[in-house]
Amino acid sequence: MSLLNILQYPDPRLRTEAKPVFEFDASLKKLTEDMLETMYDAPGIGLAATQVNVHQRIIVVDISETRDKPYILINPKLTLIGEPFEAEEGCLSVPGFYETVTRLEQISVSALHIDGSAQDFEAEGLLAVCIQHECDHLEGKLFVDYLSGLKRNRIRKKLIKQQKLNA
Ligand code: QAP
Ligand code: CO
């Protein structure tokens, strides 16, 4: 397994729209294993392929305390249900920043497993928020897009400065 490089905001590659997965082969399995390892190492609770510069519709999520209940979702489709739900969000591509975002509290998920078989389930609370956040990445969307322009600009400038220091 290997750790993957995570793109950081405002990298324009984070704006790429991901394409559906058609091939359920060994390279897909390897990619999802590397994504999980990268997410656990960070540590994070969710990661989309977009963030590691792979523009295919793949997300991994694990909100468990024990870090052993991963969801691997291929070509996920969401139906949003229920009431607006406010939660503090962060993102591995926006390190050091957490802001409140309003999502819907419950979702119905229809996706594929890495072998191409179907998985359908409902999620609520943090799991639902995290899956919505990761699916946004596949559309080139980031949680900072829900903030005011003022807040987003402040985050963008601080991250650019940080990236120059680290370069
Ligand atoms: C998305 O984000 C999420 O800033 C997953 O310095 C997060 O795993 C959805 C992380 C919260 C809903 C609620 C962020 C790690 C991890 C940072 C993450 C950081 C180190 C973010
Ligand atoms: Co994110």
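The values are calculated or read from the model by the stated rules, or taken from the named source; none is laboratory data. Keep in mind that this is a model prediction, so the values were computed, not measured. Reconstructed Cβ throughout: ideal geometry from the backbone, glycine too, with neighbour counts over all protein chains shown. Side chains included, ligands, DNA and RNA excluded: accessible areas come from the protein's heavy atoms. Shrake-Rupley method; radii C 1.70, N 1.55, O 1.52, S 1.80 Å.
If you wrap the chain's Cα atoms in a convex hull and average its projection over all directions, what's the area in nm²?
Dividing the Cα hull surface by four gives the mean projection, 9.6 nm².
Tell me which of Tyr146, Leu165, Gly90 sits at the most positive position along the dipole axis of the chain, charges placed on C-beta atoms (Lys, Arg +1; Asp, Glu -1).
Selected residue: Leu165.
Give me the one-decimal nm value for the distance between modelled label points at Leu165 and Lys77, 7 Å along each residue's Cα-to-Cβ direction.
The answer from the label model is 4.6 nm.
Among Ala42, Thr66, Leu28, whose Cα lies farthest out toward the positive end of the dipole of the stretch 27-71, if unit charges sit on the beta carbon of Lys, Arg (+1) and Asp, Glu (-1)?
Leu28
So which aspartates and glutamates pass the test for Lys151, namely a Cα distance under 17 Å, with those fewer than 8 places away in the same chain ruled out?
Excluding near neighbours in sequence, the set is Glu88, Glu89, Glu99.
Can you pull the percent of the stretch 72-135's accessible area that's carbon plus sulfur, 1.4 Å probe, other chains left in place?
On the way: 1540 of 3020 Å².
Here carbon and sulfur together make up 51 percent of the probe-accessible area.
Taking GluC sites (Glu not before Pro) as exposed when DSSP calls them loop (any state but H, G, I, E, B) and at most 11 other Cβ atoms lie within 10 Å, what is the longest stretch of the chain free of them, the sites themselves excluded?
In the chain, the maximal stretch lacking such sites is 66-167.
Report, largest value first, the span of the C-alpha coordinates of the stretch 27-102 along each principal axis, in whole Å.
Cα extents, longest axis first: 38, 29, 26 Å.
Could you grab the Rg to Rh ratio for the stretch 49-146? Cα atoms only, Kirkwood for Rh.
Ratio value, two decimals: 0.94.
Using helices alone, what [θ] at 222 nm do you get for the chain, with -39,500 (n - 2.57) per DSSP H run of 4 or more residues, divided over all residues and rounded to the nearest 500?
Values: 3 runs with 48 residues, N = 167.
Only helices count here, giving -9500 deg cm²/dmol.
Placing +1 at every Lys and Arg Cβ and -1 at every Asp and Glu Cβ, with all other atoms neutral, what dipole size does the chain have around its Cα centre, in debye to the nearest 20?
Around 1100 debye, computed over the chain.
Which lysines, on any chain, are close to Lys69 with Cα under 24 Å apart, when same-chain ones fewer than 8 places away are left out?
Lys69 reaches Lys29, Lys30, Lys77.
With every protein chain left in place, what is the accessible area per residue of the stretch 109-152 in square angstrom, probe 1.4 Å?
Working: 1860 Å² over 44 residues.
Normalised by residue count, the accessible surface of the stretch 109-152 is 42 Å².
Taking a ≥ b ≥ c as the square roots of the Cα gyration tensor eigenvalues, with a/c under 1.5 meaning rounded and otherwise prolate when a/b beats b/c, else oblate, which class fits the stretch 1-45? Show your work: numbers first, answer last.
Numbers: a/c = 2.53, a/b = 1.11, b/c = 2.29.
Note, shape of the stretch 1-45 comes out oblate.
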